[in-house]
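Below is one structure, written out as structure tokens; comments come after it.
The values are calculated or read from the model by the stated rules, or taken from the named source; none is laboratory data. Since the structure is predicted, the reported quantities are computational estimates derived from the model, not experimental observations. As a convention, Cβ positions derive from the backbone with ideal geometry for all residues, glycine included, and neighbour counts pool all protein chains shown. Note: areas computed on protein heavy atoms with side chains; ligands, DNA, RNA excluded. Shrake-Rupley method; radii C 1.70, N 1.55, O 1.52, S 1.80 Å.
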Amino acid sequence: MDVVQKGFHAVTFLVYSYGLYSDHYKVAIPPTSTSYLMTFHVIGGRWKYLTYITLVLQCVFFGLCALNDFLGSETLIHNKRSFLQKLRDVLLPTVVLPLGVFVPLIFWGLYAVDRELIFPVSMDAWFPGWLNHLMHTLPFFASIIEIIVTNHVYPKGGMLYFPIVVASALYIFWLCFIAHHTGFWVYPVFEVLDFKSRALFMASLVPPNLLFVFLGQKLHLGVWGTVKGASKRRGKKDKSQ
């Protein structure tokens, strides 16, 4: 499992890195398209898009995992964990997993209803399909596989849910700030909704992320058992050595 874990972290980090590079330097957005205007002339640049934020987050996270594999620790004993492992163990369940699941589900859900609301047909001419899946499909599978190949020490109590609530609120505020100052909504779906529907839609985006945090923890426990039990087993193993 150790080889699989390290290999998964290294390969996933490299794939995401290449995806970021391609998005910046290989994708030629037509200057006459709305996407060009939104990306380069509306405040925020690529950082307006939750897909891009999630892509950067996933890349940084798996880079952190790869770094921890070589320079950090891999223990369930709290006071023996390195800073790299502690940061890795906090990021996965609180923001990496929920956003990694949320972005693909909301993207492909809206895509199935009316793709013009999220990814217009015109983008097919210049945005490669493999990069679309790297951004909108891979985060789902990468986050789930990470739970399966790596045993994490989860934050306790409200600290497990607090970060994603804050992150969701900040992003919703960011969208509203951009719309207020520019007159553009980052996502076309908001253009077709009235004020009340828009507010309800935004509010409805938070509970699924909380659910994904909860389900991620359940999956982790199903794969690895309770953290307390695992800590005892590792503790005995360490003493025997």
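Take every pair of alpha-carbon atoms less than 8 Å apart whose residues are at least six positions apart; their mean separation over the length of the stretch 1-137 yields a relative contact order of 30 percent. Comparing P30, P208, P163 in a Gaussian network model of the chain (Cα springs below 10 Å), the most mobile by mean-square fluctuation is P30. Working note: Cα gyration tensor of the stretch 57-174, eigenvalues times five, square-rooted, sorted largest first, giving semi-axes of 31, 17, 11 Å. Averaged over its residues, the chain has an accessible area of 52 Å² per residue, based on protein heavy atoms and a 1.4 Å probe. Taking the Cα centre of the stretch 1-86 as reference, the dipole from Cβ charges on Lys and Arg (+1) and Asp and Glu (-1) amounts to some 180 debye. Cross-link reach is defined here as a Cα-Cα straight distance under 12 Å, omitting same-chain residues fewer than 8 places apart; for K86 the aspartates and glutamates meeting it are E74.
Comparing mean-square fluctuations of T75, T182, T51 from a GNM of the chain with C-alpha springs under 10 Å, the top value falls on T182. Using the Cβ atoms and a cut-off under 10 Å, what net charge is assigned to the surroundings of M38, where Lys and Arg are +1 and Asp and Glu are -1? Overall, the nearby charge balance is +2. Across all directions, the shadow cast by the convex hull of the stretch 166-224 built on its C-alpha atoms averages 4.9 square nanometres.
Rg and Dmax of the stretch 1-63, based on Cα coordinates, read 14.8, 50 Å. Karplus-based coupling profile of the stretch 207-214, in residue order and whole Hz: x, x, 5, 5, 5, 5, 4, 4, with θ = phi - 60° in 6.51 cos²θ - 1.76 cosθ + 1.60 and x standing for Gly or Pro.
Summary value for the stretch 82-211: 35 percent relative contact order, contacts being C-alpha pairs under 8 angstrom separated by 6+ residues. Rounded to the nearest 500, the 222 nm mean residue ellipticity of the chain from helices alone is -22500 deg cm²/dmol, with -39,500 (n - 2.57) taken per DSSP H run of at least 4 residues.
Using the Cα gyration tensor of the stretch 140-199, with a ≥ b ≥ c the square roots of its eigenvalues, what is the shape: rounded (a/c below 1.5), prolate (a/b larger than b/c) or oblate (neither)? Cα axes put the stretch 140-199 in the prolate bin. Counting Lys and Arg as +1 and Asp and Glu as -1 over every other residue whose Cβ lies under 15 Å from the Cβ of F190, the net charge comes to -1. The mean sequence distance of close C-alpha pairs (under 8 Å, at least 6 residues apart), as a share of the length of the chain, puts its relative contact order at 25 percent. Within the straight-line cut-off of under 18 Å between alpha carbons, the aspartates and glutamates reachable from K26 are D124, sequence neighbours fewer than 8 places apart in one chain being disregarded.
Rounded to the nearest 20 debye, the dipole size of the chain about its Cα centre is 1260 debye, using +1 on the Cβ of Lys and Arg and -1 on the Cβ of Asp and Glu. The alpha carbon gyration tensor of the chain gives principal lengths a ≥ b ≥ c with a/c of 1.5 or higher and a/b greater than b/c, which makes the shape prolate.
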